[in-house]
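Before any comments, here is the structure.
The values are calculated or read from the model by the stated rules, or taken from the named source; none is laboratory data. Given the structure is predicted, the values throughout are model-derived calculations rather than measurements. Quick reminder, even Gly has a Cβ in these numbers, built from the backbone with ideal geometry, and neighbours come from all protein chains shown.
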Amino acid sequence: MSPGEFFLQQFINGLAIGSIYALIALGYTMVYGIIQLINFAHGEIFMAGAYLGLAAILLIGSIGPIGAAAGAAPALSLVLTILTAAAGCALLGLAVERVAYRPLRQAPKLSVLITAIGVSFFLQNAVMLSFGAQDRYVPPLLPVLHARIGSVTVTLMQGIVLAVSLMLMMGLQGIVYGTALGRAMRATAQDPLAARLMGIPVNRIIAVTFAMGSALAGVGGVLFGLTYSTINFHDGYLTGLKAFTAAVLGGIGNIPGAMLGGLLLGFLEGFAAAYLSTQWKNVVAFTVLVLVLILRPRGLLGERVAERA
Amino acid sequence: MRRTASTRLLVASVAIALTMGAGCGKGQPVIKIGFAGPLTGDQAAQGTDMLHGAELAVDQAAAAGPIVPGLRVELAALDDARNPAMAVSVAKRLAADPNVVAVVGHLNSSCTKPASAIYHEAGVLHVNPVSSNPEISRQGFDNFFRICPTDDLQGPAAARFAMERLGARRIFVIDDLTTYGRGLANEFIKAARGRGAEILGHEGITQGEKDFTPLLIKVKMINPELIYFAGMFPEAALLLKQRFALQIPAHFLGGDGLFEPTLIDLAGAEAAEGAYVTTLGGDIRQAPAAGDFVRAFEAKYGHLGAYSSYSYEATRIVLEAIRRAGRKDRPAVLAAMQQMKSYSGILGTHTFDSKGDTTLRTIGIYTIKGGRFEFLEASG
């Protein structure tokens, strides 16, 4: 393996893990953008998505005719699994918003933040009690295929992670900047009171934002489970923290920023492990975060906007 | 942070439930054996197997008649979630319970080491089943006994196997930065260098992480003949799977923390094929005195875990010490254990040296073939 191939192999891996970070980071950034809340339960939604994906895979496999059809067309079962997890997480996000955050809309920001941590505990323990405390094995939906270019290998799963993430990010960008719903979301983000006066159903828009962000995290969870094939009820913690870092790195509240931050974090971790040592990968990633925040306090793509009263 | 707090809450409620259970119990006074190990978290499979071994020992003893007349022997099982901070709080809880006269635990050396200081201070007999880091018994605690061989035996046995049987000279070492993993890796490296191996690199990974591909890509470029991993099965499964995806041809050899069937489930049989692990002790199914235990265990719990026999043996030793002491008294139980010259159990006849370590020093070697662990040989 030449140094060039080494770099390329690391680049491909960073791209795959970075896109998963980016998918989760979008949820953090969308929710922050619209109600200035760091939704600490978001990592748990991602983890729940991984478990919902597992449940869907097992369910699809166990229902005779569907299982046979899915066995014949693995792509179909992949799509079904992703849709199940996305829908399930969207509902979960809606429920969390309705039960835990909406009643506190007028409360101080800190109360909501603490509630978010409480929700995170709740979801972790709920998943632990219903699925067990052990690592769960996620059976592969697709055959393990490698493409080889010289000594660089790309797995089918890496390709799918990248393709699905890109499609979702482009879709989201299209919704936010190209539809009436997106305009309503942006208006609510700018000024909820004025948005309400303009006839925008602010609460419903906020709920939709939660649902969309959660659905993306759910898809991220499925891709994560299929890539690493083991999931655990506390996987949401570390990965959620990294995705949050990615969102801050890119500029929290900024959608392209979350995508950029996710990919950047994937690369940073990968290259730190590759050229320094694995022990240092988190140190490097978080040092870069600190430096970015010192030099550009609102993140890489964050805009300088005046604090709202 | 959050995980620790949430699991601590869980443990606290379990502990409260346990003490309440004891409070409104059946009238008969109890004498308790503490058990501590990872009952939740990624190593819960191994911890639960250990708990079952301890349970079986206590149940069998209770069925055979009272150990101490007038006292009911009970197991007080607590969860350390393989987290050293939790292990300390669990140890303090056990030490504070006057009914607890001895402790069997923990699994991880990183948990056993800090906890052992608390048991020592409380004067509680501490019999450890499987924490193989040699430093633990070098602390000079006279209440500490251990029934498994240590890593200053396991590391050299692994190095000998890697070099003599697999013919590996160029070796890359990975550990999980824990007391156990780092300690075992260092013992392996020392022994392998002594035999003339070239250690091409030594890196640590973090427990709980999932993406070890950047490291493995580096390993692929360095192209060693063997990868040695000192750590536990959840991380080993990911390493094996990602090594398979990158098609790294190097042999894979690991320590006893990998000897757990879940490893093969998590990695997939194809990716785990041909990996080697060293184990504490030989093949339990071939041990002459273990037949009844294996049958009783499998009849009750189904599958026999790698560490079940060790916690069973440790609990039986504790029960023997309690029987000899004949009363609920920590110093008496400890003295009875200290006077026990040797103990013949299912693993063989233990004699304890001045550090409290067993003289049974066998290290086994297994390979994974067709989705199962297959016994190869035993040394020492």
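Exactly one residue among B:ASP152, B:ASP211 is of a type in the set (D, E, K, R) and more than 14 Å from chain A (Cβ to nearest Cβ), and that residue is B:ASP152.
Residues that are within 14 Å of the chain's Cα centre (by Cα) and closer than 23 Å to B:ALA335 by Cβ within the stretch B:127-140 comprise B:VAL127, B:ASN128, B:PRO129, B:ILE136, listed in sequence order. Scan the stretch A:265-272 and tell me whether some residue there is under 15 Å from the mean Cα position of the chain (by Cα) and either closer than 20 Å to A:ILE175 by Cα or within 14 Å of another protein chain (Cβ to nearest Cβ) (or both). There is at least one residue in the stretch A:265-272 that is under 15 Å from the mean Cα position of the chain (by Cα) and either closer than 20 Å to A:ILE175 by Cα or within 14 Å of another protein chain (Cβ to nearest Cβ) (or both).
Yes/no matrix, rows are residues, columns are (1) of a type in the set (Asp, Glu); (2) more than 15 Å from the chain's Cα centre (by Cα); (3) at pLDDT 95 or above; (4) in a loop (DSSP other than H, G, I, E, B):
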residue	(1), (2), (3), (4)
B:PHE35	no, no, yes, no
B:ALA57	no, yes, yes, no
B:PRO66	no, yes, no, yes
B:LEU75	no, yes, yes, no
B:ARG82	no, no, no, yes
B:MET86	no, yes, yes, no
B:VAL101	no, yes, yes, no
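Of B:GLY268, B:GLY274, all but one fail to be over 26 Å from B:PRO38 (Cα atoms) and either surrounded by fewer than 24 Cβ atoms within 10 Å (Cβ to Cβ) or of a type in the set (Asp, Glu) (or both); the exception is B:GLY274. Go through the stretch A:269-286 and give me each residue that's closer than 17 Å to A:GLY251 by Cα and at pLDDT 90 or above. Of everything in the stretch A:269-286, nothing turns out to be closer than 17 Å to A:GLY251 by Cα and at pLDDT 90 or above. In this structure, A:GLY261 does not qualify as within 14 Å of chain B (Cβ to nearest Cβ) and closer than 20 Å to A:ILE38 by Cβ.
Restricting the first member to the stretch B:50-79 and to residues that are assigned by TED's automatic domain parsing to the domain that holds B:ARG295, and the second to residues that are surrounded by fewer than 20 Cβ atoms within 10 Å (Cβ to Cβ) and of a type in the set (Phe, Trp, Tyr), the beta-carbon pairs closer than 7 Å and six or more apart or on different chains are B:HIS52/B:TYR301.
Only one entry of A:ALA207, A:ALA247, A:ALA211 meets the criterion of being touching a Phe, Trp or Tyr at 6+ places or on another chain (Cβ under 7 Å), in contact (Cβ under 8 Å) with a residue 60 or more places away in the chain and among the small types (Gly, Ala, Ser), and that entry is A:ALA247. When the helices (runs of 4 or more DSSP H) confined to the stretch A:177-255 are screened for residues that are in contact with an Asp or Glu (Cβ under 6 Å, 6 or more places away or on another chain), more than 14 Å from chain B (Cβ to nearest Cβ) and not charged (D, E, K, R), those reaching at least 1 such residues are found at A:202-228. Each residue in the stretch B:56-95 was checked for being of a type in the set (Asp, Glu) and out of contact with any strand residue (DSSP E or B) (no Cβ under 6 Å at 6 or more places or on another chain), and 2 pass. When B:SER308 is tested against (1) assigned by TED's automatic domain parsing to the domain that holds B:ILE248; (2) closer than 20 Å to B:VAL58 by Cα, only condition (1) is not met.
So which residues in the stretch B:216-234 are touching a Gly at 6+ places or on another chain (Cβ under 9 Å) and facing another protein chain (nearest Cβ under 10 Å), if there are any at all? Of everything in the stretch B:216-234, those that are touching a Gly at 6+ places or on another chain (Cβ under 9 Å) and facing another protein chain (nearest Cβ under 10 Å) turn out to be B:ILE217, B:LYS218, B:ILE222, B:PHE233, B:PRO234.
Selection within the stretch B:135-154: residues that are free of Cβ contacts under 8 Å to residues at least 60 places away in the same chain and under 26 Å from B:GLY305 (Cα atoms). The member of this set that is surrounded by the fewest Cβ atoms within 10 Å (Cβ to Cβ) is B:GLU135.
Criterion applied to B:PRO114, B:PRO129 was being closer than 28 Å to A:HIS234 by Cβ and surrounded by 22 or more Cβ atoms within 10 Å (Cβ to Cβ), and the one residue passing it is B:PRO129.
Restricting the first member to the stretch B:248-265 and to residues that are closer than 23 Å to B:CYS148 by Cβ, and the second to residues that are of a type in the set (Ser, Thr, Tyr), the beta-carbon pairs closer than 6 Å and six or more apart or on different chains are B:LEU253/B:TYR228; B:LEU253/B:TYR276; B:GLY255/B:THR278; B:ASP256/B:THR279; B:PHE259/B:THR279.
Applying the criterion of being surrounded by fewer than 18 Cβ atoms within 10 Å (Cβ to Cβ) and among the hydrophobic types (A, V, I, L, M, F, W, C) to the residues of the stretch B:317-360, the residue that is nearest to the chain's Cα centre (by Cα) is B:MET340.
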